[in-house]
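Notes follow the structure.
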Amino acid sequence: MKVVIIIPTYNEKGNIEKLIASLEEEIFPQIKNHEMSILVADDNSPDGTAKEVTKLKKKFINLHLSSGERKGLGAAYIRAMDYAIKKLSADAMFEMDADLSHDPKRVPVFLKKFDGGFDMVVGTRYSEGGSIPPNWPFKRKMFSVVGNLLVRTILMRFGIHDWTGGFRVLKKDVFLKEKPELTNFKGYTFQVSFLHKAARDGFKIGEVPINFTDRTLGRSKIAPREYIIDLLTYVIVARIKEILFGKFGKFLIVGGTGFIINAVVLRVLVEWYKWNPSYANLAGAALAIFSNFNFNNLWTFRHRRIKSLGLYFWKMLHFYATSSFGVVFIQTGTIFVLSQILGKQGYFIYFLIGTFFLLIWNFTIYNRFIWKEKPL
Ligand SMILES: Nc1nc2c(ncn2[C@@H]2O[C@H](COP(=O)(O)OP(=O)(O)O)[C@@H](O)[C@H]2O)c(=O)[nH]1
Ligand SMILES: [Mg+2]
(Lines give C-alpha, C1' and ligand atoms only; values in the text may rest on other atoms or scores of the structure.)
(Ligands and ions follow the chains in the order given, each with its own letter.)
Protein backbone atom coordinates (compact mmCIF):
# COMPACT_ATOMS: atom_id res chain seq x y z
CA MET A 1 0.00 0.00 0.00
CA LYS A 2 1.03 3.57 -0.58
CA VAL A 3 0.84 5.25 2.81
CA VAL A 4 1.17 9.02 3.15
CA ILE A 5 1.78 10.55 6.57
CA ILE A 6 0.04 13.93 6.59
CA ILE A 7 1.47 16.45 9.03
CA PRO A 8 -0.44 19.73 9.35
CA THR A 9 1.76 22.63 10.39
CA TYR A 10 1.27 26.15 11.55
CA ASN A 11 4.47 27.66 12.89
CA GLU A 12 6.24 24.40 13.57
CA LYS A 13 9.67 25.36 12.27
CA GLY A 14 11.35 24.17 15.45
CA ASN A 15 9.71 20.74 15.37
CA ILE A 16 9.24 19.71 11.78
CA GLU A 17 12.83 18.81 10.93
CA LYS A 18 13.19 16.53 13.92
CA LEU A 19 9.93 14.74 13.17
CA ILE A 20 10.68 14.27 9.47
CA ALA A 21 14.22 13.01 10.18
CA SER A 22 12.94 10.57 12.76
CA LEU A 23 10.29 9.17 10.41
CA GLU A 24 12.58 8.99 7.39
CA GLU A 25 15.71 7.68 9.06
CA GLU A 26 14.47 5.60 11.99
CA ILE A 27 10.94 4.48 11.24
CA PHE A 28 10.52 4.04 7.48
CA PRO A 29 13.44 1.59 7.17
CA GLN A 30 11.57 -0.71 9.61
CA ILE A 31 8.45 -0.80 7.41
CA LYS A 32 8.93 -3.35 4.66
CA ASN A 33 5.42 -3.99 3.35
CA HIS A 34 4.29 -0.44 2.59
CA GLU A 35 5.54 2.41 0.47
CA MET A 36 5.85 5.32 2.89
CA SER A 37 5.92 9.05 2.22
CA ILE A 38 5.28 12.32 4.07
CA LEU A 39 3.08 15.25 3.12
CA VAL A 40 3.37 18.44 5.14
CA ALA A 41 0.19 20.55 5.01
CA ASP A 42 1.39 24.02 5.81
CA ASP A 43 -0.79 27.11 5.90
CA ASN A 44 1.82 29.67 4.91
CA SER A 45 3.28 29.68 8.41
CA PRO A 46 4.89 33.07 9.06
CA ASP A 47 7.86 31.39 10.79
CA GLY A 48 8.99 29.78 7.54
CA THR A 49 8.03 26.16 8.24
CA ALA A 50 7.51 25.63 4.49
CA LYS A 51 11.04 26.84 3.70
CA GLU A 52 12.39 24.30 6.15
CA VAL A 53 10.41 21.55 4.44
CA THR A 54 11.55 22.65 0.97
CA LYS A 55 15.13 22.38 2.18
CA LEU A 56 14.52 18.85 3.52
CA LYS A 57 12.86 17.78 0.25
CA LYS A 58 16.29 17.80 -1.36
CA LYS A 59 17.38 15.12 1.06
CA PHE A 60 14.21 13.01 1.15
CA ILE A 61 12.58 12.30 -2.20
CA ASN A 62 9.40 10.96 -0.59
CA LEU A 63 8.75 14.24 1.24
CA HIS A 64 6.04 16.53 -0.16
CA LEU A 65 4.57 19.89 0.70
CA SER A 66 1.08 21.31 0.21
CA SER A 67 0.84 25.00 1.00
CA GLY A 68 -2.37 26.95 1.29
CA GLU A 69 -4.23 29.69 3.07
CA ARG A 70 -4.97 29.22 6.74
CA LYS A 71 -8.59 28.12 7.17
CA GLY A 72 -8.25 25.84 10.19
CA LEU A 73 -6.96 22.36 10.95
CA GLY A 74 -9.85 20.49 9.30
CA ALA A 75 -9.56 22.52 6.11
CA ALA A 76 -5.80 21.80 5.99
CA TYR A 77 -6.46 18.05 6.37
CA ILE A 78 -9.11 18.02 3.65
CA ARG A 79 -6.81 19.84 1.26
CA ALA A 80 -3.91 17.52 2.08
CA MET A 81 -5.94 14.31 1.81
CA ASP A 82 -7.17 15.38 -1.62
CA TYR A 83 -3.57 16.08 -2.59
CA ALA A 84 -2.34 12.74 -1.21
CA ILE A 85 -4.97 10.79 -3.17
CA LYS A 86 -4.76 12.72 -6.44
CA LYS A 87 -1.08 13.57 -6.68
CA LEU A 88 0.59 10.90 -4.57
CA SER A 89 -1.81 8.00 -5.31
CA ALA A 90 -2.21 7.32 -1.59
CA ASP A 91 -4.10 4.18 -0.56
CA ALA A 92 -3.99 5.13 3.11
CA MET A 93 -3.16 8.27 5.09
CA PHE A 94 -1.94 9.06 8.56
CA GLU A 95 -2.95 12.11 10.55
CA MET A 96 -0.11 13.18 12.83
CA ASP A 97 0.77 16.32 14.76
CA ALA A 98 4.00 18.12 13.96
CA ASP A 99 4.89 19.05 17.52
CA LEU A 100 6.32 15.63 18.54
CA SER A 101 3.35 14.95 20.81
CA HIS A 102 2.81 11.86 18.69
CA ASP A 103 5.65 9.37 18.97
CA PRO A 104 6.86 8.29 15.50
CA LYS A 105 7.71 4.87 16.99
CA ARG A 106 3.97 4.11 17.12
CA VAL A 107 3.64 4.34 13.32
CA PRO A 108 4.63 0.66 12.74
CA VAL A 109 2.23 -0.38 15.54
CA PHE A 110 -0.63 1.48 13.83
CA LEU A 111 0.23 -0.20 10.53
CA LYS A 112 0.36 -3.66 12.05
CA LYS A 113 -3.14 -3.21 13.43
CA PHE A 114 -4.32 -1.58 10.18
CA ASP A 115 -3.02 -4.56 8.16
CA GLY A 116 -5.21 -6.80 10.30
CA GLY A 117 -8.23 -5.56 8.34
CA PHE A 118 -9.31 -2.18 9.72
CA ASP A 119 -10.53 0.80 7.71
CA MET A 120 -9.30 3.26 10.30
CA VAL A 121 -7.05 2.93 13.35
CA VAL A 122 -7.11 5.69 15.96
CA GLY A 123 -4.56 6.41 18.66
CA THR A 124 -6.12 6.30 22.10
CA ARG A 125 -4.89 8.01 25.24
CA TYR A 126 -7.72 6.67 27.36
CA SER A 127 -7.60 2.90 27.19
CA GLU A 128 -5.34 -0.15 27.08
CA GLY A 129 -2.20 1.58 28.32
CA GLY A 130 -2.55 4.92 26.53
CA SER A 131 -1.88 8.09 28.53
CA ILE A 132 -1.97 11.86 28.72
CA PRO A 133 1.04 13.74 30.16
CA PRO A 134 1.16 13.28 33.96
CA ASN A 135 2.38 16.85 34.36
CA TRP A 136 -0.75 18.38 32.82
CA PRO A 137 -2.53 20.64 35.26
CA PHE A 138 -5.62 19.08 36.83
CA LYS A 139 -7.95 21.37 34.87
CA ARG A 140 -6.52 20.34 31.53
CA LYS A 141 -6.70 16.65 32.41
CA MET A 142 -10.31 17.10 33.45
CA PHE A 143 -11.19 18.85 30.20
CA SER A 144 -9.65 16.12 28.14
CA VAL A 145 -11.03 13.16 30.09
CA VAL A 146 -14.51 14.61 30.68
CA GLY A 147 -14.68 15.92 27.10
CA ASN A 148 -14.06 12.49 25.65
CA LEU A 149 -16.43 10.83 28.07
CA LEU A 150 -19.10 13.35 27.11
CA VAL A 151 -18.60 12.74 23.40
CA ARG A 152 -18.84 8.97 23.91
CA THR A 153 -21.96 9.29 26.01
CA ILE A 154 -23.83 11.79 23.84
CA LEU A 155 -23.04 9.89 20.66
CA MET A 156 -23.76 6.60 22.47
CA ARG A 157 -20.63 5.07 21.03
CA PHE A 158 -18.59 3.61 23.84
CA GLY A 159 -16.32 1.36 21.80
CA ILE A 160 -14.09 4.27 20.80
CA HIS A 161 -12.26 5.88 23.72
CA ASP A 162 -10.40 8.81 22.20
CA TRP A 163 -12.35 11.09 19.87
CA THR A 164 -10.37 14.29 20.00
CA GLY A 165 -6.89 12.98 19.26
CA GLY A 166 -5.17 13.49 15.93
CA PHE A 167 -2.97 10.41 15.52
CA ARG A 168 -4.73 8.04 13.12
CA VAL A 169 -4.43 6.06 9.93
CA LEU A 170 -7.28 5.55 7.50
CA LYS A 171 -8.01 4.10 4.08
CA LYS A 172 -8.63 6.57 1.29
CA ASP A 173 -12.16 5.15 0.86
CA VAL A 174 -13.11 6.41 4.31
CA PHE A 175 -12.07 9.95 3.39
CA LEU A 176 -13.70 9.84 -0.06
CA LYS A 177 -16.98 8.62 1.44
CA GLU A 178 -17.13 11.22 4.22
CA LYS A 179 -15.55 14.20 2.48
CA PRO A 180 -18.81 15.80 1.27
CA GLU A 181 -20.00 16.03 4.87
CA LEU A 182 -16.70 17.13 6.36
CA THR A 183 -16.25 20.46 4.66
CA ASN A 184 -18.42 22.11 7.34
CA PHE A 185 -15.89 21.30 10.03
CA LYS A 186 -12.85 23.36 9.28
CA GLY A 187 -11.41 23.54 12.78
CA TYR A 188 -10.45 20.93 15.38
CA THR A 189 -14.02 19.52 15.38
CA PHE A 190 -12.97 17.88 12.12
CA GLN A 191 -11.41 15.05 14.15
CA VAL A 192 -14.57 14.18 16.07
CA SER A 193 -16.95 14.60 13.13
CA PHE A 194 -14.77 12.51 10.81
CA LEU A 195 -14.51 9.65 13.27
CA HIS A 196 -18.23 9.80 14.07
CA LYS A 197 -19.28 9.64 10.43
CA ALA A 198 -16.88 6.78 9.73
CA ALA A 199 -18.29 4.83 12.69
CA ARG A 200 -21.86 5.63 11.65
CA ASP A 201 -21.24 4.28 8.15
CA GLY A 202 -19.93 0.99 9.46
CA PHE A 203 -16.24 1.37 8.69
CA LYS A 204 -14.18 -0.97 10.82
CA ILE A 205 -12.37 1.09 13.43
CA GLY A 206 -9.53 -0.12 15.65
CA GLU A 207 -7.56 1.50 18.45
CA VAL A 208 -3.89 1.63 19.35
CA PRO A 209 -2.75 3.01 22.71
CA ILE A 210 -0.53 6.07 22.56
CA ASN A 211 1.36 8.05 25.18
CA PHE A 212 0.75 11.66 24.37
CA THR A 213 3.62 13.99 25.29
CA ASP A 214 3.54 17.76 25.58
CA ARG A 215 5.21 19.87 22.94
CA THR A 216 8.48 21.42 24.06
CA LEU A 217 8.80 23.94 21.21
CA GLY A 218 6.30 26.39 19.74
CA ARG A 219 2.75 27.04 20.89
CA SER A 220 -0.52 25.18 20.75
CA LYS A 221 -2.95 26.64 18.20
CA ILE A 222 -6.05 25.39 19.89
CA ALA A 223 -8.63 27.99 20.98
CA PRO A 224 -10.23 26.07 23.89
CA ARG A 225 -13.43 28.07 24.29
CA GLU A 226 -14.29 28.05 20.59
CA TYR A 227 -13.34 24.38 20.35
CA ILE A 228 -15.53 23.31 23.28
CA ILE A 229 -18.54 25.19 21.91
CA ASP A 230 -18.02 23.80 18.39
CA LEU A 231 -17.51 20.31 19.66
CA LEU A 232 -20.56 20.26 21.92
CA THR A 233 -22.72 21.77 19.20
CA TYR A 234 -21.55 19.09 16.80
CA VAL A 235 -22.18 16.10 19.04
CA ILE A 236 -25.56 17.31 20.29
CA VAL A 237 -26.86 18.23 16.82
CA ALA A 238 -25.48 15.01 15.32
CA ARG A 239 -27.18 12.92 17.99
CA ILE A 240 -30.53 14.69 17.64
CA LYS A 241 -30.38 14.14 13.87
CA GLU A 242 -29.57 10.48 14.40
CA ILE A 243 -32.56 10.05 16.66
CA LEU A 244 -35.01 12.03 14.50
CA PHE A 245 -34.04 10.57 11.17
CA GLY A 246 -33.17 7.15 12.48
CA LYS A 247 -35.52 4.22 12.82
CA PHE A 248 -36.76 5.28 16.23
CA GLY A 249 -37.61 8.80 14.99
CA LYS A 250 -39.68 7.38 12.15
CA PHE A 251 -41.31 4.98 14.55
CA LEU A 252 -42.31 7.95 16.73
CA ILE A 253 -43.82 9.84 13.78
CA VAL A 254 -45.78 6.78 12.65
CA GLY A 255 -46.84 6.09 16.21
CA GLY A 256 -47.79 9.77 16.58
CA THR A 257 -50.16 9.49 13.63
CA GLY A 258 -51.67 6.30 15.06
CA PHE A 259 -51.94 8.02 18.41
CA ILE A 260 -53.93 10.92 16.93
CA ILE A 261 -56.29 8.53 15.12
CA ASN A 262 -56.72 6.50 18.32
CA ALA A 263 -57.29 9.60 20.48
CA VAL A 264 -59.81 11.23 18.10
CA VAL A 265 -61.89 8.05 17.72
CA LEU A 266 -61.79 7.51 21.49
CA ARG A 267 -63.00 11.02 22.27
CA VAL A 268 -65.69 11.08 19.61
CA LEU A 269 -67.13 7.74 20.69
CA VAL A 270 -67.08 8.62 24.39
CA GLU A 271 -68.18 12.26 24.19
CA TRP A 272 -70.72 12.05 21.35
CA TYR A 273 -71.91 8.48 21.42
CA LYS A 274 -71.43 7.85 25.15
CA TRP A 275 -69.49 4.63 24.62
CA ASN A 276 -67.69 2.98 27.47
CA PRO A 277 -64.06 4.28 27.27
CA SER A 278 -62.59 0.77 27.18
CA TYR A 279 -64.66 -0.26 24.12
CA ALA A 280 -64.14 3.11 22.46
CA ASN A 281 -60.41 2.64 22.85
CA LEU A 282 -60.51 -0.77 21.22
CA ALA A 283 -62.25 0.72 18.18
CA GLY A 284 -59.79 3.62 17.97
CA ALA A 285 -56.85 1.28 18.36
CA ALA A 286 -58.09 -1.03 15.59
CA LEU A 287 -57.98 1.90 13.12
CA ALA A 288 -54.65 3.12 14.49
CA ILE A 289 -53.14 -0.34 14.04
CA PHE A 290 -54.18 -0.35 10.37
CA SER A 291 -52.56 3.04 9.83
CA ASN A 292 -49.41 2.08 11.71
CA PHE A 293 -48.94 -1.15 9.81
CA ASN A 294 -49.09 0.51 6.41
CA PHE A 295 -47.07 3.54 7.40
CA ASN A 296 -44.32 1.38 8.92
CA ASN A 297 -44.30 -0.97 5.99
CA LEU A 298 -43.98 1.85 3.46
CA TRP A 299 -41.56 4.00 5.42
CA THR A 300 -39.94 2.96 8.72
CA PHE A 301 -38.99 -0.53 7.67
CA ARG A 302 -38.93 0.33 3.95
CA HIS A 303 -35.76 -1.62 3.28
CA ARG A 304 -37.55 -4.74 4.54
CA ARG A 305 -40.87 -3.96 2.82
CA ILE A 306 -43.32 -6.82 2.46
CA LYS A 307 -43.74 -7.44 -1.27
CA SER A 308 -46.32 -10.13 -2.07
CA LEU A 309 -50.06 -9.62 -1.45
CA GLY A 310 -50.47 -12.93 0.37
CA LEU A 311 -47.61 -12.14 2.69
CA TYR A 312 -49.02 -8.63 3.18
CA PHE A 313 -52.30 -9.98 4.55
CA TRP A 314 -50.55 -12.66 6.57
CA LYS A 315 -48.23 -10.08 8.11
CA MET A 316 -51.11 -7.68 8.73
CA LEU A 317 -52.95 -10.44 10.58
CA HIS A 318 -49.82 -11.19 12.52
CA PHE A 319 -49.43 -7.47 13.25
CA TYR A 320 -53.01 -7.25 14.51
CA ALA A 321 -52.47 -10.33 16.64
CA THR A 322 -49.27 -9.06 18.24
CA SER A 323 -50.55 -5.47 18.51
CA SER A 324 -53.81 -6.54 20.06
CA PHE A 325 -52.02 -8.05 23.01
CA GLY A 326 -50.53 -4.62 23.76
CA VAL A 327 -53.76 -2.76 22.95
CA VAL A 328 -56.01 -5.06 24.98
CA PHE A 329 -53.84 -5.88 27.96
CA ILE A 330 -51.53 -2.90 28.23
CA GLN A 331 -53.38 0.15 26.83
CA THR A 332 -57.05 -0.72 27.27
CA GLY A 333 -56.14 -2.66 30.41
CA THR A 334 -54.72 0.53 31.94
CA ILE A 335 -57.90 2.45 30.99
CA PHE A 336 -60.12 -0.30 32.37
CA VAL A 337 -58.29 -0.73 35.67
CA LEU A 338 -57.89 2.99 36.34
CA SER A 339 -61.58 3.64 35.41
CA GLN A 340 -62.60 1.03 37.96
CA ILE A 341 -60.46 2.55 40.69
CA LEU A 342 -60.66 6.28 39.96
CA GLY A 343 -63.82 6.66 37.90
CA LYS A 344 -64.47 7.06 34.18
CA GLN A 345 -64.15 10.85 33.97
CA GLY A 346 -60.35 10.71 33.88
CA TYR A 347 -60.36 8.28 30.93
CA PHE A 348 -58.22 10.44 28.65
CA ILE A 349 -55.39 10.60 31.20
CA TYR A 350 -55.56 6.80 31.59
CA PHE A 351 -55.41 6.55 27.82
CA LEU A 352 -52.22 8.63 27.77
CA ILE A 353 -50.59 6.51 30.48
CA GLY A 354 -51.59 3.27 28.77
CA THR A 355 -50.34 4.51 25.41
CA PHE A 356 -46.95 5.29 26.90
CA PHE A 357 -46.56 1.68 28.08
CA LEU A 358 -47.79 0.51 24.70
CA LEU A 359 -45.13 2.53 22.88
CA ILE A 360 -42.32 0.66 24.58
CA TRP A 361 -43.96 -2.70 23.99
CA ASN A 362 -44.62 -2.04 20.30
CA PHE A 363 -41.16 -0.95 19.30
CA THR A 364 -39.73 -4.15 20.76
CA ILE A 365 -42.29 -6.30 19.00
CA TYR A 366 -41.91 -4.61 15.60
CA ASN A 367 -38.17 -5.11 15.66
CA ARG A 368 -38.26 -8.69 16.84
CA PHE A 369 -41.12 -10.17 14.87
CA ILE A 370 -42.78 -8.18 12.13
CA TRP A 371 -39.91 -6.57 10.23
CA LYS A 372 -37.09 -8.63 11.67
CA GLU A 373 -33.94 -9.03 9.58
CA LYS A 374 -34.36 -12.74 8.84
CA PRO A 375 -37.60 -14.19 7.44
CA LEU A 376 -39.80 -15.94 9.95
N1 LIG B 1 -2.01 23.59 8.53
C2 LIG B 1 -2.51 23.87 9.75
N3 LIG B 1 -2.06 23.17 10.82
C4 LIG B 1 -2.58 23.46 12.03
C5 LIG B 1 -3.58 24.45 12.24
N6 LIG B 1 -3.89 24.48 13.56
C7 LIG B 1 -3.11 23.55 14.14
N8 LIG B 1 -2.31 22.94 13.24
C9 LIG B 1 -1.34 21.85 13.44
O10 LIG B 1 -2.06 20.76 14.04
C11 LIG B 1 -1.24 20.06 14.96
C12 LIG B 1 -1.90 20.06 16.33
O13 LIG B 1 -2.00 21.39 16.79
P14 LIG B 1 -1.61 21.86 18.26
O15 LIG B 1 -1.57 23.33 18.21
O16 LIG B 1 -0.38 21.17 18.72
O17 LIG B 1 -2.89 21.40 19.08
P18 LIG B 1 -2.93 20.67 20.50
O19 LIG B 1 -1.94 19.54 20.43
O20 LIG B 1 -4.33 20.24 20.63
O21 LIG B 1 -2.52 21.72 21.48
C22 LIG B 1 0.10 20.79 14.95
O23 LIG B 1 0.94 20.10 14.07
C24 LIG B 1 -0.25 22.16 14.42
O25 LIG B 1 0.81 22.80 13.78
C26 LIG B 1 -4.03 25.17 11.08
O27 LIG B 1 -4.89 26.05 11.15
N28 LIG B 1 -3.47 24.82 9.88
MG1 LIG C 1 0.00 19.70 20.12
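See the values below:
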read-out	value
Gaussian network model of the chain, Cα within-10 Å springs - most flexible of H64, H303, H34	H303
Check: the range 277-376 dipole with +1 on Lys, Arg Cβ and -1 on Asp, Glu Cβ, in debye	440 debye
Relative contact order (%) - the chain, alpha-carbon pairs under 8 angstrom, separation at least six	14 percent
Residue among N362, G206, G159 farthest towards the positive dipole end of the chain, charges placed on Cβ	N362
Calculated FRET value between R157 and H303, using beta carbons and R₀ = 22 Å, to 0.05	0.50
222 nm mean residue ellipticity, helices alone, for the chain (DSSP H n ≥ 4; -39,500 (n - 2.57); rounded to 500)	-17000 deg cm²/dmol
Amide H partners (placed H, <5 Å) of E12, local residues excluded	T49
Note, ³J(HN,Hα) from phi for the range 104-119, Karplus 6.51, -1.76, 1.60, rounded to Hz, x at Gly and Pro	x, 4, 7, 3, x, 5, 4, 5, 4, 5, 4, 5, x, x, 9, 8
Rounded FRET efficiency, nearest 0.05, which uses the C-beta distance separating F348 from K113 and R0 of 51 Å	0.30
Spin-label model distance (nm) - D82 vs S131, 7 Å beyond Cα toward Cβ	4.1 nm
Cα-centre dipole for the range 27-83 with unit charges at Cβ (Lys and Arg positive, Asp and Glu negative), debye to 20	220 debye
Heavy atoms of E52 accessible to a 1.4 Å probe, total area in Å² rounded to 10	20 Å²
Carbon + sulfur, % of accessible area of the range 231-344 - ligands and nucleic acids excluded, 1.4 Å	75 percent
The chain - share of DSSP beta bridges that are antiparallel (%, nearest 5)	25 percent
Angle between the chain longest axis and helix 172-182 axis [Cα atoms, degrees, rounded to 10]	70 degrees
Inter-probe distance in nm under a simple model that places probes 7 Å from Cα toward Cβ, at L311 and E25	6.7 nm
Sites matching trypsin sites (Lys or Arg not before Pro) across the range 174-282 that sit in DSSP coil, with at most 12 neighbouring C-beta atoms within 10 Å	R219, K274
Loop-located GluC sites (Glu not before Pro) in the range 53-128, at most 13 other Cβ atoms within 10 Å (DSSP)	E69, E128
Accessible solvent surface per residue of the chain, calculated while the other protein chains remain in place, 1.4 angstrom probe, Å²	51 Å²
Accessible heavy-atom area order of L100, L342, highest first, probe of 1.4 Å	L342, L100
Euclidean distance of C-alpha centroids, the range 282-324 and the range 110-180, integer Å	43 Å
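The values are calculated or read from the model by the stated rules, or taken from the named source; none is laboratory data. In this text the structure is predicted, and so the values were computed from the model without any measurement. Here the Cβ is made from the backbone with ideal geometry for all residues, glycine too, and neighbour counts use every protein chain on show. With ligands, DNA and RNA removed, areas are computed over all heavy atoms of the protein, side chains included. Shrake-Rupley method; radii C 1.70, N 1.55, O 1.52, S 1.80 Å.
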